[in-house]
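A short write-up of the structure that comes next.
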Amino acid sequence: MGNVGPRQTVVAPENVAKVSGIVQQNPRNTVRRIASETGLKCLITQKILRNSPRMFPYKIRSYQAIPIKAVRQGFDFANEILTMIDNEGFDVGCIWFTDEAHFHLNGFVNRQNWRFWGSENPHLCEERPLHSPKVTAWVAVCSRGNIGTFFMQETISSELYITILEQFVSTQLALEDLP
(Lines give C-alpha, C1' and ligand atoms only; values in the text may rest on other atoms or scores of the structure.)
Protein backbone atom coordinates (compact mmCIF):
# COMPACT_ATOMS: atom_id res chain seq x y z
CA MET A 1 0.00 0.00 0.00
CA GLY A 2 2.97 2.33 0.53
CA ASN A 3 3.19 5.48 2.62
CA VAL A 4 -0.16 6.89 3.59
CA GLY A 5 -0.85 10.36 4.93
CA PRO A 6 1.02 13.61 4.73
CA ARG A 7 4.79 13.34 4.35
CA GLN A 8 6.65 14.09 7.56
CA THR A 9 9.42 16.65 7.28
CA VAL A 10 12.09 17.57 9.77
CA VAL A 11 12.44 20.99 8.17
CA ALA A 12 9.45 22.01 10.24
CA PRO A 13 9.07 25.63 11.33
CA GLU A 14 9.81 24.74 14.96
CA ASN A 15 13.12 23.06 13.94
CA VAL A 16 14.04 26.04 11.77
CA ALA A 17 13.29 28.34 14.72
CA LYS A 18 15.46 26.23 17.07
CA VAL A 19 18.41 26.19 14.67
CA SER A 20 18.06 29.91 13.87
CA GLY A 21 17.93 30.77 17.57
CA ILE A 22 21.12 28.84 18.34
CA VAL A 23 22.94 30.43 15.39
CA GLN A 24 21.84 33.92 16.48
CA GLN A 25 23.21 33.27 19.97
CA ASN A 26 26.55 32.01 18.68
CA PRO A 27 27.23 32.09 14.91
CA ARG A 28 30.53 30.22 15.46
CA ASN A 29 28.80 27.00 16.52
CA THR A 30 29.61 23.96 14.44
CA VAL A 31 26.88 21.98 12.70
CA ARG A 32 27.54 19.10 15.10
CA ARG A 33 27.08 21.29 18.15
CA ILE A 34 23.89 22.82 16.77
CA ALA A 35 22.59 19.32 15.92
CA SER A 36 23.31 18.01 19.42
CA GLU A 37 21.59 21.01 21.03
CA THR A 38 18.48 20.63 18.88
CA GLY A 39 18.37 16.83 18.84
CA LEU A 40 18.46 16.77 15.03
CA LYS A 41 20.82 14.88 12.76
CA CYS A 42 23.83 16.73 11.34
CA LEU A 43 22.63 16.46 7.73
CA ILE A 44 19.20 17.80 8.65
CA THR A 45 20.77 20.67 10.61
CA GLN A 46 22.99 21.54 7.66
CA LYS A 47 20.00 21.36 5.29
CA ILE A 48 18.04 23.73 7.55
CA LEU A 49 20.97 26.16 7.74
CA ARG A 50 21.49 26.25 3.99
CA ASN A 51 17.86 26.35 2.90
CA SER A 52 15.64 28.05 5.43
CA PRO A 53 17.62 31.03 6.71
CA ARG A 54 19.96 30.73 3.66
CA MET A 55 23.14 30.59 5.73
CA PHE A 56 26.53 29.37 4.61
CA PRO A 57 29.74 28.58 6.51
CA TYR A 58 32.25 31.39 6.04
CA LYS A 59 35.86 30.76 6.94
CA ILE A 60 37.52 33.21 9.30
CA ARG A 61 40.90 34.42 8.07
CA SER A 62 43.93 34.69 10.33
CA TYR A 63 46.73 37.10 9.65
CA GLN A 64 50.02 38.30 11.04
CA ALA A 65 51.44 41.62 9.94
CA ILE A 66 54.90 41.65 8.35
CA PRO A 67 56.76 44.91 8.98
CA ILE A 68 57.88 46.83 5.88
CA LYS A 69 61.43 46.86 7.28
CA ALA A 70 61.52 43.02 7.23
CA VAL A 71 60.30 42.93 3.61
CA ARG A 72 63.02 45.40 2.57
CA GLN A 73 65.72 43.45 4.43
CA GLY A 74 64.69 40.21 2.69
CA PHE A 75 64.72 41.91 -0.70
CA ASP A 76 68.18 43.43 -0.06
CA PHE A 77 69.56 40.08 1.11
CA ALA A 78 68.26 38.28 -1.99
CA ASN A 79 69.85 40.88 -4.27
CA GLU A 80 73.16 40.62 -2.40
CA ILE A 81 73.23 36.81 -2.77
CA LEU A 82 72.40 37.06 -6.50
CA THR A 83 75.24 39.55 -6.93
CA MET A 84 77.66 37.20 -5.11
CA ILE A 85 76.64 34.29 -7.34
CA ASP A 86 77.09 36.34 -10.53
CA ASN A 87 80.33 38.16 -9.65
CA GLU A 88 82.30 35.82 -7.39
CA GLY A 89 81.45 32.38 -8.81
CA PHE A 90 79.84 31.41 -5.52
CA ASP A 91 79.25 27.64 -5.16
CA VAL A 92 75.48 27.32 -4.80
CA GLY A 93 75.87 23.71 -3.58
CA CYS A 94 77.44 25.03 -0.37
CA ILE A 95 74.42 27.11 0.61
CA TRP A 96 72.78 25.93 3.80
CA PHE A 97 69.07 26.56 4.14
CA THR A 98 67.79 26.87 7.67
CA ASP A 99 64.27 27.12 8.92
CA GLU A 100 62.29 26.78 12.06
CA ALA A 101 58.78 25.54 12.71
CA HIS A 102 56.73 26.67 15.66
CA PHE A 103 54.43 24.22 17.41
CA HIS A 104 51.96 26.26 19.47
CA LEU A 105 51.10 24.95 22.91
CA ASN A 106 47.78 26.76 23.31
CA GLY A 107 45.98 23.89 21.60
CA PHE A 108 44.93 25.90 18.57
CA VAL A 109 45.89 23.99 15.45
CA ASN A 110 42.99 23.19 13.15
CA ARG A 111 41.71 26.20 11.23
CA GLN A 112 39.25 24.00 9.36
CA ASN A 113 36.86 24.44 12.27
CA TRP A 114 36.83 28.22 11.89
CA ARG A 115 33.41 28.77 10.42
CA PHE A 116 30.88 31.53 10.80
CA TRP A 117 27.31 30.79 9.82
CA GLY A 118 25.49 33.73 8.28
CA SER A 119 23.36 34.82 5.37
CA GLU A 120 26.14 37.16 4.18
CA ASN A 121 29.91 36.91 4.33
CA PRO A 122 30.93 38.94 7.40
CA HIS A 123 34.57 39.22 6.20
CA LEU A 124 35.79 38.41 9.70
CA CYS A 125 39.43 38.47 10.62
CA GLU A 126 40.55 37.19 13.98
CA GLU A 127 43.77 38.52 15.34
CA ARG A 128 45.91 35.96 17.14
CA PRO A 129 48.64 36.77 19.67
CA LEU A 130 52.01 37.19 18.02
CA HIS A 131 53.96 35.47 20.79
CA SER A 132 51.86 32.55 22.04
CA PRO A 133 53.65 29.79 24.03
CA LYS A 134 55.35 27.39 21.64
CA VAL A 135 58.13 24.89 21.03
CA THR A 136 60.41 25.67 18.11
CA ALA A 137 62.21 23.11 15.95
CA TRP A 138 65.22 24.28 13.89
CA VAL A 139 67.04 22.41 11.12
CA ALA A 140 69.66 23.17 8.45
CA VAL A 141 69.66 21.49 5.01
CA CYS A 142 72.25 21.48 2.24
CA SER A 143 73.14 19.32 -0.74
CA ARG A 144 75.64 17.60 1.59
CA GLY A 145 73.05 16.62 4.20
CA ASN A 146 71.20 18.10 7.11
CA ILE A 147 71.99 19.17 10.65
CA GLY A 148 69.45 19.32 13.42
CA THR A 149 66.79 19.17 14.60
CA PHE A 150 67.29 21.51 17.57
CA PHE A 151 64.29 21.99 19.87
CA MET A 152 63.85 25.02 22.11
CA GLN A 153 61.02 26.42 24.18
CA GLU A 154 62.08 30.03 24.44
CA THR A 155 61.44 32.64 21.78
CA ILE A 156 64.31 32.88 19.33
CA SER A 157 66.09 36.18 19.83
CA SER A 158 69.00 37.38 17.72
CA GLU A 159 71.45 36.28 20.45
CA LEU A 160 69.92 32.79 20.63
CA TYR A 161 69.94 32.50 16.83
CA ILE A 162 73.65 33.41 16.76
CA THR A 163 74.29 30.71 19.40
CA ILE A 164 72.41 28.16 17.28
CA LEU A 165 74.40 29.17 14.19
CA GLU A 166 77.69 28.89 16.12
CA GLN A 167 76.71 25.35 17.22
CA PHE A 168 75.71 24.62 13.63
CA VAL A 169 79.06 25.83 12.25
CA SER A 170 81.04 23.82 14.83
CA THR A 171 78.99 20.71 13.98
CA GLN A 172 79.55 21.33 10.26
CA LEU A 173 83.31 21.76 10.73
CA ALA A 174 83.45 18.55 12.80
CA LEU A 175 81.62 16.66 10.05
CA GLU A 176 84.01 17.98 7.38
CA ASP A 177 87.03 16.78 9.45
CA LEU A 178 85.69 13.19 9.42
CA PRO A 179 87.37 10.94 6.79
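The values are calculated or read from the model by the stated rules, or taken from the named source; none is laboratory data. Owing to the predicted nature of the structure, the values given are computational and were not obtained by experimental measurement. Positions of Cβ are generated from backbone atoms using ideal geometry, with glycine treated the same way; all protein chains shown enter the neighbour counts. Note: accessible area is taken over every heavy atom of the protein model, side chains too, but ligands, DNA and RNA are not part of it. Shrake-Rupley method; radii C 1.70, N 1.55, O 1.52, S 1.80 Å.
Computed on the Cα trace of region 13-54, the radius of gyration divided by the Kirkwood hydrodynamic radius gives Rg/Rh = 0.89.
A straight Cα-to-Cα reach below 17 Å connects residue 18 with the lysines 41, 47, residues fewer than 8 places away in its own chain not being considered. Sorting 105, 49 by solvent-accessible area of protein heavy atoms yields 105, 49, largest first, with a 1.4 Å probe.
Using R0 = 25 Å, the C-beta based FRET efficiency linking residue 30 and residue 64 works out to 0.50. Residues in region 13-54 average 64 Å² of solvent-accessible surface per residue, probe 1.4 Å, ligands and nucleic acids excluded. Sorting the segments 78-86, 26-34 by their residues' average number of neighbouring beta-carbon atoms within 10 angstrom, most packed first, yields 26-34, 78-86. Here region 13-54 is assigned +1 on the Cβ of each Lys and Arg and -1 on the Cβ of each Asp and Glu. Its dipole about the Cα centre then comes out at about 200 debye.
Extension gain for the segment residue 14 to residue 37, taken as residue separation times 0.36 nm less the Cα-Cα distance, is 6.9 nm to one decimal.
Solvent-accessible area assigned to carbon and sulfur over region 13-54 amounts to 48 percent, based on a 1.4 Å probe.
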